[in-house]
Amino acid sequence: MSGGVDSSVAAHLLTQAGHEVIGVFMRHGEASASACRISSDDASDPNPLGLPVLGSGPAGTATAGKRADHKQGCCSATDAADARRVAMSMDIPFYSLDLQEDFRKIVDYFVDDYLNARTPNPCVKCNHWIKFGKLFDYADGIDADFVATGHYARMQHEDGKQHLLRGLDDGKDQSYALFGIGRERLSRMMLPVGDFEKSKIREIAASLGLGVSEKKDSQEICFVTQGHHSDFVKSRRPDRIGTTAGDFVTTDGKIVGQHNGFEAFTIGQRKGLGIALGTPHFVVRIEADTRRVVLGSPDELLAPGLEADQANWLIDPHDIPGLVSVQIRYNGRPHAARIQLHADDPAKFAVHFCEPQSAVAPGQAAVVYDGARVLGGGWIVAATTR
């Protein structure tokens, strides 16, 4: 339970279905490290589940007063308070798990990828490593049968197996972010809101009198609460300040300006370059070794395919159909393609699009679908050239 409308309604739907529900708030966002402390020192609290409980004293109190003027992320003290109030209204146990140590791995990955001229996706990694990783460890510790979240995706039982599908609300679908979950855990996943439109979820929340019914969706990286992501990268790696500065160049090699660090840019970016070239130019390539940010035309952003590694397959990869669709960014659409597995390593594969695709960014996920069903995916190493 993140304190948002989706996980709150998910808890309601589960209780209505007759499940014994335990609400869990995962405290891992760096912005909440001091504002959302937990305490379990009260000897009068038996804490039968053996998990840390959100404290009720000054150190653990999370009030819902004036919201700070920062990006809408998650895991703040306000979010914890919202989640706790929802749990109390449903009369279900509520626990706060301290996962800051584990989450440091996500932050390090985020910083390192930008410093290696890649575009990371920490929310996808968080789902793999923490929400459907570490949370299963806690579930096992209390003999819980399932782990449920408020993701807009669906589970389907067919032919004796569990399958992961796109959410019913195509505009809110989050199945892209779940491709890396272990196949063996699909049978213990529950995604209650995936069968609803977002508008219906808000309607249900309002009918229950939940104060989060109109709460904005989390849209930002939860640990980058202020400023540009490059400022966060520099704050974590002060020894690298200045070492990533270099030239803006066009695809024909002409130097057209200088930048203060390539970690500030992503493939496909047009705005915020800080230079004027007369015609629209986009970031088509970022070179960590030369520190160059290469600019080009929209046509030069197109790629016929990509190479990916670290694949996680939710089916036997040799059963992948000849024609599939592949999604290459969180807010993108799947595009028709063919998959070619590496001859010696099924964790590596190539994607051949039926039509060239724009802004294929190393570091992003390439998720493979057969219709609405998620077959698996991997992490983009490079776009292939024409």
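The table that follows gives values for the structure above.
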{"read-out": "Violating pairs (Cα-Cα greater than 21 angstrom) within the set LYS131/LYS172; LYS172/LYS215; LYS134/LYS215", "value": "LYS134/LYS215"}
{"read-out": "Alpha-carbon gyration tensor eigenvalues x 5, square-rooted, for the stretch 300-384, Å", "value": "18, 14, 12"}
{"read-out": "Environment charge of ALA308, counting only residues whose C-beta is closer than 12 Å and scoring Lys/Arg +1, Asp/Glu -1", "value": "-2"}
{"read-out": "More than 26 Å apart - percent of Cα-Cα pairs taken over the chain", "value": "57 percent"}
{"read-out": "³J(HN,Hα), Karplus 6.51/-1.76/1.60, whole Hz, each residue of the stretch 134-147, x for Gly, Pro", "value": "4, 5, 5, 4, 5, 4, 5, x, 10, 6, 7, 7, 9, 10"}
{"read-out": "Volume in Å³ per residue [convex hull over Cα atoms, computed for the stretch 335-386]", "value": "92 Å³"}
{"read-out": "Mean separation of Cα contacts under 8 Å (6+ apart) over length of the chain, as relative contact order %", "value": "15 percent"}
{"read-out": "Approximate spin-label separation ARG183-LYS271, in nm, with each point projected 7 Å along Cα-to-Cβ", "value": "4.2 nm"}
{"read-out": "The chain - mean residue ellipticity at 222 nm from DSSP helices (-39,500 (n - 2.57) per run, n ≥ 4, rounded to 500)", "value": "-5500 deg cm²/dmol"}
{"read-out": "Whole-Hz couplings from phi, Karplus 6.51/-1.76/1.60, listed for the stretch 78-89; x for Gly and Pro", "value": "5, 4, 4, 5, 4, 5, 5, 5, 4, 4, 5, 5"}
{"read-out": "Debye, to nearest 20: dipole size of the chain, +1 on Lys, Arg Cβ, -1 on Asp, Glu Cβ", "value": "1040 debye"}
{"read-out": "Placed amide H near PHE25: partners under 5 Å, 5+ positions off or other chain", "value": "TYR95, SER96, LEU97"}
{"read-out": "Residues in the stretch 235-274 reached by a label modelled at GLN226 [backbone nitrogen below 20 Å; 7 Å Cα→Cβ]", "value": "235-238"}
{"read-out": "GLU197/GLN16 FRET efficiency (R0 22 Å; Cβ-Cβ; nearest 0.05)", "value": "0.75"}
{"read-out": "Peptides ranked, highest mean first, by Cβ atoms within 10 Å: ranges 342-351, 110-119, 294-303, 4-13", "value": "4-13, 110-119, 294-303, 342-351"}
{"read-out": "Listed pairs LYS234/LYS348; LYS198/LYS348; LYS161/LYS348 exceeding 30 Å between Cα atoms", "value": "LYS234/LYS348; LYS198/LYS348"}
{"read-out": "Added length on full extension, which subtracts the Cα-Cα distance from 0.36 nm per residue, LEU208 to ASP316", "value": "34.6 nm"}
{"read-out": "Cα→Cβ-extended label distance, 7 Å offset, between SER89 and ILE255, nm", "value": "6.0 nm"}
{"read-out": "Note, ³J(HN,Hα) from phi for the stretch 190-206, Karplus 6.51, -1.76, 1.60, rounded to Hz, x at Gly and Pro", "value": "10, 10, x, 8, x, 8, 10, 6, 4, 4, 5, 4, 5, 5, 5, 4, 5"}
{"read-out": "Net lengthening on full extension, ASP137/ALA245 (0.36 nm per residue, minus Cα-Cα)", "value": "34.7 nm"}
{"read-out": "Linear extension gain, LYS216 paired with ARG333, 0.36 nm per residue minus alpha-carbon span", "value": "39.8 nm"}
{"read-out": "Fraction of alpha-carbon pairs over 12 Å apart in the stretch 242-296 - percent", "value": "59 percent"}
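Read-outs: derived from the displayed coordinates by stated rules, not from any lab. Just so it is clear, the structure is predicted and the values come from calculations on it, not from any experiment. Here Cβ is always computed from backbone atoms with ideal geometry, including for glycine, and neighbour counts include all displayed protein chains.
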